[in-house]
Ligand SMILES: [Mg+2]
């Protein structure tokens, strides 16, 4: 382990927190969210320099621009909202370590770290943990930190994390980003192959929507198996209960949504019964019965929406919703921008 460790430039930085004297929560208490620098900030120009001119030119460019902060990327409003929730938790529970803990993961060289720290300070972000892997895979660290959610621009890393049982999703550079709440974190989840396993998705892919509805009605009392993002919903629920315990259920700064193509009358019951059996509450459940998700998400204005199907991600993104792709389950075999057949 020491050998592996020495290959990493691995920094624990106390940047902005020093003045406040906050303690770093232990991983088993915190809800750890790891985000890559390429989704927290916009780094397209730098990516281009790297791809077209190579690593030396890229490092030179980064050093020359190290006092220029990066602009906010797709995960930025989400991370800001996590910090707003932390502020509320600290008011209610000054001694508790049950907080969101944000880790910035970057494959970058340590030289680029200076620009990243400058950017974090510029945007008043509270990020103390940095994982600079110098090109190596961060998955081992994500496991060691008991990461509850990993967001990255790199679909291969996301797949690797999912294989290791870490909730993870790929984020893309959006053309437009809808204004989102600064005081309430809103997280929206698809059902099948996100919160739940893809067992029912397989029926849909093989036999179509009508057969799927029928199958789900017949099996409404059989619980669904858990999917890759279930653990993150659970972690959100754990923090929500801390607000409820202080009488802040109606004023809770975390709100969760299920946005599913299932229909309320038939297939929805199985989803709700499964969540209830798991002891998980979802604040709002929207059963769209196969209707497009984009317009509904536009109303919800979530900081992040998780779906396993690329056309839902694209549909959401077109309307300004930040959507993250969970590359899990049967849909990955069918995923294509050109496959326009009405999806579930
Ligand atoms: Mg799905």
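The values are calculated or read from the model by the stated rules, or taken from the named source; none is laboratory data. Predicted, not measured: the structure shown is a model, and the values here were computed from it. Cβ coordinates were reconstructed from backbone atoms using ideal geometry, including for glycine residues, and neighbour counts include every protein chain displayed.
Only residues that are over 15 Å from the mean Cα position of the chain (by Cα), within 11 Å of the ligand (Cβ to nearest atom) and either within 23 Å of residue 79 (Cβ to Cβ) or surrounded by fewer than 24 Cβ atoms within 10 Å (Cβ to Cβ) (or both) were counted across region 313-331, and they come to 2. Listed by first and then second residue, the pairs with beta-carbon distance under 6 Å, at least 6 apart or on different chains, first residue in region 23-41 and at pLDDT below 80, second assigned to a strand (DSSP E or B) and buried (at least 21 other Cβ atoms within 10 Å of the Cβ), are 25/101. Here is a list of conditions, (1) touching a residue at least 40 places away in the same chain (Cβ under 8 Å); (2) under 30 Å from residue 143 (Cα atoms); (3) away from the ligand (no atom under 12 Å from the Cβ), and residue 202 meets all of them except one; can you say which number that is? Of (1) touching a residue at least 40 places away in the same chain (Cβ under 8 Å); (2) under 30 Å from residue 143 (Cα atoms); (3) away from the ligand (no atom under 12 Å from the Cβ), only one is false for residue 202: (3). Any idea which residue in region 86-110 is farthest from residue 302 (Cα to Cα), counting only those that are out of contact with any helix residue (DSSP H, G or I) (no Cβ under 7 Å at 6 or more places or on another chain) and crowded, with 18+ Cβ neighbours inside 10 Å? Restricting to residues being out of contact with any helix residue (DSSP H, G or I) (no Cβ under 7 Å at 6 or more places or on another chain) and crowded, with 18+ Cβ neighbours inside 10 Å, the top hit is 107.
Within region 246-273, count every residue that is assigned to a loop (DSSP other than H, G, I, E, B) and more than 22 Å from the chain's Cα centre (by Cα). The total comes to 12. When residue 243 is tested against (1) touching a strand residue (DSSP E or B) at 6+ places or on another chain (Cβ under 6 Å); (2) surrounded by 17 or more Cβ atoms within 10 Å (Cβ to Cβ), just one condition goes unmet, and that condition is (1).
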